[in-house]
Amino acid sequence: MTTSTMTDRQPTSTTGAVRPELRALDGIYRARGLHWVGDGFRVAGFFSAIPDAVRKLSPFLLLDYHPTYEYAPTDKPRGVGVHPHRGFETVTIAWQGSVAHHDSSGGGGVIGPGDVQWMTAASGILHKEYHEKEYARRGGPFQMAQLWVNLPRAHKMSPPRYQGIVAEQIGVVTLPDDAGSVRVIAGEYLGVKGPAKTFTKVDVFDVRLEEQGKVHFAFPAHHNVGLLVMKGDVVINGTQATLHDFAVFENVGELVVIEAESEAQLLVLSGEPIDEPVVQHGPFVMNTAQEIDQAFTDLQRGKFGHLAD
Ligand code: MN
């Protein structure tokens, strides 16, 4: 990089302070349709539609978004049965409907609208994810997202952990000029810290904007950034985006400016990349193929614990 490029990218104000530069957009991506996870989660998978997603969005590995869908009442809760995970975390964010979780480390709980479940599989768990019984019995709208967050090598074999985060614990930043609000699930925004304990630097923000509302975020240029439009039409750093678009940014510039053309909701993700090899096989995400083989061996030997169907 030449000196003149550095100067162009980091203009100084008259006071000499470095002014954050608009972050360059890598692209706007759309999921390749919806698919079912078990019989309870009708989701759009975004990362499979993004070339080189694991590098561009590290430490995030996956985003399955469940747009609002009306489930009929049932006495047999829908969901996904007992399955393993190792080497990362699953984060479930609920907007509508309710999910019950049980895992082989004894972790478990129910999350409903506004709540978040931050489940650290790390060395390995078995878990099952079902619609909560009472919600299933009533039926009704369901809207959620599940994120997979990678763990650094040093923590892939740490003990599992379960954080059930209720809506009341999640700090809210009210934006000036009645522009909207930012719920800080993880990380920090304008001095408000998120309740989620994370192993690396991660920001997860649930953003609501009124029509004509505007919000700014500044993320270090080397942190990866992506965001999902869950509602409305927005302009992101000058580029138009609409419902179910996922914007991915380059590692150039810091500032993300979002302007809502209609009432909008966004899930904003940012994190410090984990600069380690990623070898993924289904529910296991490790650093080497040998560690994946070991995960299968450990699973067969019962080292992930036990969980009844
Ligand atoms: Mn799972």
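The values are calculated or read from the model by the stated rules, or taken from the named source; none is laboratory data. Model, not experiment: these values are computed from the prediction. Methodologically, a virtual Cβ is constructed for each residue, glycine included, from the backbone with ideal geometry; neighbour enumeration extends over all protein chains shown. Just the protein is used for accessible areas: all its heavy atoms, side chains included, with ligands, DNA and RNA removed. Shrake-Rupley method; radii C 1.70, N 1.55, O 1.52, S 1.80 Å.
Values computed for the structure shown
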quantity: Computed magnitude of the charge dipole of the range 195-272 (debye, nearest 20; Cβ of K, R +1, Cβ of D, E -1); calculated: 320 debye
quantity: Accessible area expressed per residue, the chain, with surrounding protein chains retained (probe 1.4 Å, Å²); calculated: 45 Å²
quantity: Listed residue (227, 143, 120) projecting farthest to the positive dipole end of the chain, Cβ model; calculated: 120
quantity: Modelled FRET efficiency - R0 41 Å, residue 188 with residue 244, Cβ distances, 0.05 increments; calculated: 0.90
quantity: Candidates 200, 288, 120, ranked by Gaussian network fluctuation over the chain, Cα under 10 Å, top entry; calculated: 288
quantity: With every protein chain in place, the chain: carbon and sulfur % of accessible area (1.4 Å); calculated: 51 percent
quantity: Estimated FRET transfer efficiency (residue 235, residue 169; beta-carbon r; R0 25 Å; 0.05); calculated: 0.20
quantity: Under 23 Å from the Cα of residue 128 - lysines, other chains or at least 8 residues apart; calculated: 76, 156, 197, 303
quantity: CD proxy at 222 nm, helix term only [per DSSP H run n ≥ 4: -39500 (n - 2.57); per residue of the chain; nearest 500]; calculated: -2500 deg cm²/dmol
quantity: Charge dipole (debye, nearest 20) of the chain; +1 at Cβ of Lys and Arg, -1 at Cβ of Asp and Glu; calculated: 780 debye
quantity: Peptide ranges 61-72, 295-306 listed from the most packed, as the mean C-beta count within 10 angstrom indicates; calculated: 61-72, 295-306
quantity: Charge dipole (debye, nearest 20) of the range 151-255; +1 at Cβ of Lys and Arg, -1 at Cβ of Asp and Glu; calculated: 740 debye
quantity: Positive-end extreme of charge dipole, the chain - chosen from 299, 195, 278 (charges on Cβ); calculated: 299
quantity: Distant-in-sequence amide H partners of residue 132 (H built 1.01 Å from N, under 5 Å); calculated: 98, 99, 100
